[in-house]
């Protein structure tokens, strides 16, 4: 009589063990070693009225979030092409500022890995085809060597700066024209 009960018990034990292994793999992947080049964490949520599938460039705030996220990506390689489609043109103040900063980084033989990109308290003013967005900008990360991508410093979190961004509407999207920051 003990023999017929063994098979279902063994089957249940095998299923339980399989679930534990799968759960362990999923948890290990979730809490494992972080990527050597972490992606920036952008901590601004879209406005509650914006549909999830909306083009991020359809609003001035979305265009600003997208621009600063792309700028963070561009800092990894010192290549301003990541923001080229987000500005009013290659001769715009915004493009020239980013390209100048990245050229300076490249000349110094370094790039930056941003681990924190935070835009807080966004407010916007729209007047026809022009808009202005202001917010507190906080960034954190570290510089790396362009030659070997080895860290040149420990991660740092910089103090927040007040940023004002000027945008222009181009058809159905908003593009960044210029930005300035103050302490």
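Taking the stated definitions as given, is residue 154 in a strand (DSSP E or B), without any contact (Cβ under 8 Å) to a residue 24 or more places away in the chain and either crowded, with 18+ Cβ neighbours inside 10 Å or in contact with a strand residue (DSSP E or B) (Cβ under 9 Å, 6 or more places away or on another chain) (or both)?
no
Kindly list the number of the only condition in (1) under 20 Å from residue 97 (Cβ atoms); (2) crowded, with 18+ Cβ neighbours inside 10 Å that fails for residue 183.
For residue 183, the exception is condition (2).
Can residue 149 be described as surrounded by fewer than 16 Cβ atoms within 10 Å (Cβ to Cβ), assigned by TED's automatic domain parsing to the domain that holds residue 104 and closer than 26 Å to residue 177 by Cβ?
Answer is no for this residue.
Only one residue in 176, 126, 116 is part of a strand (DSSP E or B) and over 13 Å from residue 64 (Cβ atoms), so which one is that?
None of the other options fit; the residue is 116.
Hey, among 99, 131, which residue is out of contact with any strand residue (DSSP E or B) (no Cβ under 7 Å at 6 or more places or on another chain), surrounded by 14 or more Cβ atoms within 10 Å (Cβ to Cβ), modelled with pLDDT of 95 or more and not in a loop (DSSP other than H, G, I, E, B)?
99
The values are calculated or read from the model by the stated rules, or taken from the named source; none is laboratory data. This is a predicted model, so every value here is computed, not measured. Counting neighbours? That spans all protein chains shown, and the Cβs are built from the backbone with ideal geometry, glycine included.
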